[in-house]
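Throughout, read-outs are computed from the coordinates displayed, never taken from laboratory work. Quick caveat, the model's predicted, so the values are computed rather than measured. Backbone-built Cβ (ideal geometry, glycine too); neighbour counts: all protein chains shown.
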Amino acid sequence: MRHVILIAALGLSACASLPGEPFVETLETRDWRFVATEADRARMSEWRTAFTSALAEARADGHDAQIDALGVTGEPDAARVFDAVPTGSYRCRTIKLGTQGRGTLSYVDYPFFDCTIRVEEDLLGFHKLTGSQRPVGLLFPDNDYRRVFLGTLMLGDETRAMRYGADPQRDMIGALQNIGEDRWRLLLPYPAYESTIDIIELVPAGE
């Protein structure tokens, strides 16, 4: 199964920087569609449905002001054409929209944490460095409007990321989009926990 051979050595710890040399275990392809699990391909195909339904649920629950305050970050069709993703340190925050019917809130936003984007051979790697839920994985080329993220979720005090494809509850797929000058977002549709879609907003660490 080709999808289980994806792993990125992105430091795999909750420290403020990524030690060691970049490394990507051998992949047979750089086409994310052949790397992603069937479940993740299905999730990606429905990203906009997840986004719009989650927004509607959150607004119905009285979160208009919070959603309006997000600006372009909360607009499904805000993605802009871009050529390259700048590497380096970022501040990132997670906004959770919608629920999975388990008594969770339909809108939750968290403070900014530390994230990084760095070169992993001929790909880029994304890693949320701090916080209790930390996506880690690779960014694959796709089209002029997005890069596709494939990775896994690190939880709590874990110091190593799970291999992609080993646990469907940890697998993640998302779309990295540019939404303005030095503004990016990573959309994670239908995560395994809590929400309908997670939005990770990224700004350069110096801002």
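Hey, with R₀ at 30 Å, roughly what FRET efficiency would residue 66 and residue 193 work out to, going by the Cβ-Cβ distance, to 0.05?
The computed FRET efficiency comes out at 0.90.
Compute the label zone of residue 105 within the stretch 177-207: residues whose backbone N is under 16 Å from the point 7 Å along Cα-to-Cβ.
Flagged as within label range: 194-199.
Determine ³J(HN,Hα), in whole Hz, for all residues of the stretch 121-128 in sequence, where each value follows from phi through the Karplus function 6.51 cos²θ - 1.76 cosθ + 1.60 and θ = phi - 60°; x replaces Gly and Pro.
6, 9, 10, 10, x, 10, 8, 7
Which whole-Hz couplings ³J(HN,Hα) result when phi for each residue of the stretch 53-70 is put into the Karplus expression 6.51 cos²θ - 1.76 cosθ + 1.60, θ = phi - 60°, listed in order with x for Gly and Pro?
Running phi through 6.51 cos²θ - 1.76 cosθ + 1.60 with θ = phi - 60° gives 5, 5, 4, 4, 5, 5, 5, 5, 8, x, 9, 4, 4, 5, 5, 4, 5, 5 Hz.
So how strong a dipole does the chain carry about its Cα centre when Lys and Arg Cβ are +1 and Asp and Glu Cβ are -1, to the nearest 20 debye?
260 debye
Largest first and in whole Å, give the semi-axes of the stretch 65-117's equivalent ellipsoid, each being the square root of 5 times a Cα gyration tensor eigenvalue.
The answer is 25, 16, 11 Å, longest axis first.
Taking the Cα-to-Cβ direction at residue 166 and at residue 132 and moving 7 Å from each Cα, how far apart do the two end points lie in nm?
About 2.3 nm, to one decimal.
If R0 is 41 Å, what FRET efficiency do you get for residue 39 and residue 83 from their C-beta distance, rounded to 0.05?
Step by step, r from the Cβ atoms, then E = 0.85.
Which order do 201, 75 fall in if you start with the one that has the fewest other Cβ atoms within 10 Å?
Listed from fewest to most nearby Cβ atoms, that is 75, 201.
Mind ordering 80-92, 186-198 by average Cβ neighbours within 10 Å, highest first?
Going by the mean number of other Cβ atoms within 10 Å, highest first, we get 186-198, 80-92.
Please work out the Cα center distance from the stretch 188-207 to the stretch 28-61, rounded to the nearest Å.
13 Å
What is the Cα centroid distance between the stretch 171-185 and the stretch 111-156, reported in whole angstrom?
10 Å
Give me the Å³ per residue figure for the convex hull around the C-alpha atoms of the stretch 86-207.
115 Å³
Amide H neighbours of residue 190 under 5 Å, at least 5 residues apart or on other chains, H built in the peptide plane: list them.
197, 198
Out of the stretch 100-181, which GluC sites (Glu not before Pro) are coil in DSSP terms and have no more than 16 other C-beta atoms within 10 Å?
In loop regions of the stretch 100-181 (DSSP not H, G, I, E or B), the sparsely surrounded GluC sites (Glu not before Pro) are 121, 158, 181.
Take the chain, compute every pairwise Cα distance, and split them into 10 Å bins from 0; I just need the percent in each bin.
Distribution as computed: 9, 37, 39, 13, 1 percent.
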